[in-house]
Amino acid sequence: MKFNFNFNFKRLGVFLFLSATIIGCSTNMNRPKTWHLCHFDELDKSFSSCNWTKLRHEQNAAYREYKKLSLNNVLANYIAPKSDGRKYSGEILFCVDRDGSIDDKVIKKPSGHLGLDKAFMAALQKTGKLTVPIDACLADAFYFTQKTLSYDETDMAN
């Protein structure tokens with residue numbers, strides 16, 4: 001018995017590409033253009049009347065200190081995987097609730113080393129909560145602004 005299987009793979013490829021594009025576009029239509037914000041649906045519930053998107057110089061300095069403190073808290077829970085001598089670079093996006101709880105963690109850019117990605121996701125999970133600024137304007141900035149945790153091969157153990 002002989003089967004004659006004439007299948008046009010080129011047409012299938014075009015069909016799959018168009019399907020993926022249409023589905024991708026339709027699922028992204030309801031997302032706000034301000035994807036770098038957290039808790040987008042609560043923007044009207046801001047604690048302060050300041051413009052937390054444009055902090056004053058002294059507020060910016062204080063905000064940077066909170067970010068540095070937050071990073072140190074995460075790094076305290078980080079267990080570095082062993083280095084293999086290769087180059088890696090990854091990014092994790094996350095948000096922080098009003099009480100400082102870390103939520104909405106997502107790997108934006110996988111590093112190429114599964115252990116490195118998992119180690120930073122585990123560090124965020126173990127950290128659980130970050131210190132929220134006392135200043136209302138800074139607290140809003142901390143709550144509404146998506147955080148990016150960037151890492152690379154230098155964060156691996158020798």
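Values in this text are rule-based calculations from the coordinates and carry no lab data. All of these numbers come straight from a predicted model, not from anything done at the bench.
The table below lists the values:
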item	result
Restraint check, K68/K108; K108/K147; K105/K129, Cα-Cα greater than 18 Å	K68/K108
Convex hull of region 35-155 built on C-alpha atoms - directionally averaged projected area, nm²	7.6 nm²
For region 86-100, Karplus couplings with θ = phi - 60° (6.51, -1.76, 1.60), whole Hz, Gly/Pro x	8, 8, 9, 7, x, 9, 10, 9, 7, 10, 10, 6, 4, 8, x
